[in-house]
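Below is one structure, written out as structure tokens, with a few remarks after it.
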Amino acid sequence: MRLSMDLELQDVPGQLILALEPFRLYKGNIISVVHHRDRKTPRGTIPVQLVFEISGSRIEQVKNHLKKNNISVVRIGEDRFVEEVSVLLVGHVVDSDLGDTINQIDSTGFAEVVDLCLKMPGIEDPSSAYIKIRATGKEEMSKALAILREVGVQKDLLVIEPIEAEML
Amino acid sequence: MKEIRISQVGCGIVGHGFLEVVRRKRDMLRDLGLDLKIVSVTDHTGTIYEKNGVDPKKVLGVKTLAEGVANSDMKGLEAIEEIESDLVVEVTPTNIDHGQPGLGHMEMALTQGKNVVTSNKGPLVVAFNRLKDLAGENGARLKYEATVGGTMPLISLVERNLVGNNILGIKGIFNGTCNYILTRMMEEGYPYGYALMEAQELGIAEADPAYDVEGIDTAAKMTILANSVFGMNVKYDDIDVTGITDITTESLALARDRGYLIKLIGEVPALTVKPMLVPRRSPLAVGGTLNAASIETDLSGTITVTGLGAGSIETASAILSDIVNIYTTRNIDDRS
Ligand SMILES: NC(=O)c1ccc[n+]([C@@H]2O[C@H](COP(=O)([O-])OP(=O)(O)OC[C@H]3O[C@@H](n4cnc5c(N)ncnc54)[C@H](OP(=O)(O)O)[C@@H]3O)[C@@H](O)[C@H]2O)c1
């Protein structure tokens, strides 16, 4: 699973190596490390954000190991959405029940519409909607887009997808 | 000096361009050791045949050979069959339903072991694999760079320069008319109909624009790419096609506000043609009548080429480089 973790490190040399050690040990795959040297906390520690993938059963071991190394874990959570795409819908977007269209994505559990912008030139004219979708992974994004394409066919909407998805 | 006797069939926009390009580049071609001799030119009114080479100027001055230029009433098929030549330049109109008259011309030429270079998509859309096999059986070459990307060197890039790579996918803008219309709609806020009218007035769009704006031209090109570059066995109907006629000014504005352009994108091996969002910073974000194509490879990453998709001289230049390739690099890519 993919997780993000906020750590606080002492401002002494060698701390980052100690913090990353358990990930190597328990075969975690570090995706990103952001070291906020410029944002020292009032306690004098340095915040670090990690995003990593690891088998769920190993998380406790990683946490214990970090504790042993004297690294404090401020927060750990699922990094749910990693993919984002923008999509345009053209046609009778509102009349064909925009709420339902969005709900078909939201109800998947793995993808969500996170942004929406509408342009309606006139009652008779086709309107356009910009929506931004986030999903938990590449495959999930493909599924969400496939749902949207299907909805487009049913509701006679032109679905304009991006040439590539963007990593968050 | 290698003499190459050429029978040209079709003498419209591209045909005239080809005659002009051969005339202009005579010296350069000689430096390459090639003496291109156009021994016959046929249009649908007749043929001019000169054993020692037709003077391009004679033909360049007229719209059809019927204007006192033809010296024979041979049709294309007869000219290909009866006149001694090494190569046929086939530049008759495209028909993607039955491929004729080009398909018959190409079959005749290849059967006789004559090389074929063409800008005519029709025969390749209808019968690419059959023509390729026919070429192979008769030791002839079939080259068609001008059918796909206009001046963008796409087929030769893949076949020659990227040799050794697996081509994972090709996507891009393959129709200058659509690109022009979408560019004007976005930049000027024109409605679709107005941008189309402007394109027609400028001679960028045909009086009947369906072939371009409904995505048919792009889909024909995807069919050719799928069969040639990806070794598939695809028919025109296998391509999922949506054109640009439903694109609205508002949708373009919405896209622009978020950093996107809308372009008609053809993709293989996905076999789709549809309007898509292209990030402004993407190398595919070209405007006007330009075409652009990104080739995704396993070793070389993604390579993008861009160039003019159509035009008389531009298309003829692609035909000329195919010819030069045939006679200067026979050993390198004789796989085809
Ligand atoms: N124009 C471009 O920018 C461009 C770009 C890429 C590819 N292409 C393709 O290249 C090809 C030629 O395009 P173009 O623009 O030059 O077309 P065009 O101006 O319509 O010229 C077609 C030529 O073919 C002749 N022709 C028609 N039927 C014939 C037959 N049965 N036998 C012999 N000649 C025949 C016509 O003769 P008549 O004048 O006597 O009818 C004319 O000379 C088309 O397949 C097109 O799709 C064109």
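At a glance:
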read-out	value
Antiparallel DSSP beta bridges within chain B, as percent of all bridges there, nearest 5	60
Rg/Rg_ref, region A:83-167, where Rg_ref = 2.2 N^0.38 Å and atoms are Cα	1.02
³J(HN,Hα) computed for each position of region B:112-121 - Karplus, 6.51 cos²θ - 1.76 cosθ + 1.60, integer Hz, glycine/proline x	7, x, 8, 5, 10, 10, 9, 10, 8, 5
Estimated FRET transfer efficiency when R0 is 45 angstrom, pair B:Asn138-B:Thr302 (beta carbons, to 0.05)	0.75
Exposure of A:His36 as accessible area (Å², to 10), given a probe of 1.4 Å and all protein chains	20
Most to least accessible of B:Tyr190, B:Tyr211 (protein chains only, probe 1.4 Å)	B:Tyr211, B:Tyr190
B:Tyr180 - accessible surface, heavy atoms, 1.4 Å probe, Å² rounded to 10	30
With every protein chain in place, chain B: carbon and sulfur % of accessible area (1.4 Å)	48
Nonlocal amide H pairs with B:Asn71, under 5 Å, H built at 1.01 Å	B:Thr47, B:Ile48, B:Tyr49
Mean separation of Cα contacts under 8 Å (6+ apart) over length of chain B, as relative contact order %	19
Alpha-carbon centroids, region A:2-70 and region B:92-142: separation in whole Å	64
FRET efficiency, A:Thr108 to B:Glu201 (Cβ-Cβ, R0 41 Å, nearest 0.05)	0.30
Spin-label model distance (nm) - B:Val62 vs A:Asp97, 7 Å beyond Cα toward Cβ	6.8
Amide hydrogen neighbours beyond the local backbone of B:Met232, cut-off 5 Å, H modeled	B:Asn227
Separation between Cα centres of region B:8-77 and region A:107-168, rounded to whole Å	53
Average silhouette area of the protein assembly as shown, convex hull of alpha-carbon atoms, in square nanometres	30.4
Counted charge near B:Ile265, where neighbours are those whose Cβ lies closer than 14 Å (Asp, Glu -1; Lys, Arg +1)	-2
Chain B: projected area of the alpha-carbon convex hull, averaged over directions, in nm²	16.6
FRET efficiency estimate (nearest 0.05) - Cβ-Cβ, B:Asp208 to B:Glu84, R0 25 angstrom	0.05
Loop sites in region A:1-61: trypsin sites (Lys or Arg not before Pro), DSSP, at most 15 other Cβ within 10 Å	A:Lys27, A:Lys40, A:Arg43
Mean separation of Cα contacts under 8 Å (6+ apart) over length of region A:2-78, as relative contact order %	49
Listed residues A:Val34, A:Val93 arranged by accessible area, highest first, probe 1.4 Å	A:Val34, A:Val93
Helix A:138-155 vs. chain A, principal-axis angle (Cα, 0 to 90°, nearest 10)	10
Folded to 0 to 90 degrees: helix B:216-228 orientation relative to chain B principal axis, Cα	70
Accessible area that becomes buried as B packs against A, both chains, 1.4 Å probe, Å², nearest 100	1900
Accessible area, probe 1.4 Å, largest first, for residues B:Lys2, B:Lys57, B:Lys263, A:Lys63	B:Lys57, B:Lys2, A:Lys63, B:Lys263
Cα-centre dipole for the protein assembly as shown with unit charges at Cβ (Lys and Arg positive, Asp and Glu negative), debye to 20	2080
Rounded to 10°, Cα long-axis angle of helix B:192-201 versus longest principal axis of chain B	30
Kirkwood-type radius of region B:167-308, with distances r between different C-alpha atoms, in Å	15.2
Longest exposed-site-free window of chain A, the sites being GluC sites (Glu not before Pro) in a DSSP loop that have at most 16 other C-beta atoms within 10 Å	A:1-123
DSSP bridge pairs, region B:1-102: antiparallel proportion in percent, nearest 5	30
For region B:167-308: relative contact order, % (alpha-carbon pairs under 8 angstrom, 6 or more apart)	35
Antiparallel DSSP beta bridges within the protein assembly as shown, percent to nearest 5	75
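The values are calculated or read from the model by the stated rules, or taken from the named source; none is laboratory data. Since we're looking at a predicted model, the values are computed, not measured. A quick note on method: Cβ atoms are made from the backbone with ideal geometry, for glycine too, and the neighbour counts reach across all protein chains shown. Protein only, heavy atoms only, side chains kept; ligands, DNA and RNA dropped before computing areas. Shrake-Rupley method; radii C 1.70, N 1.55, O 1.52, S 1.80 Å.
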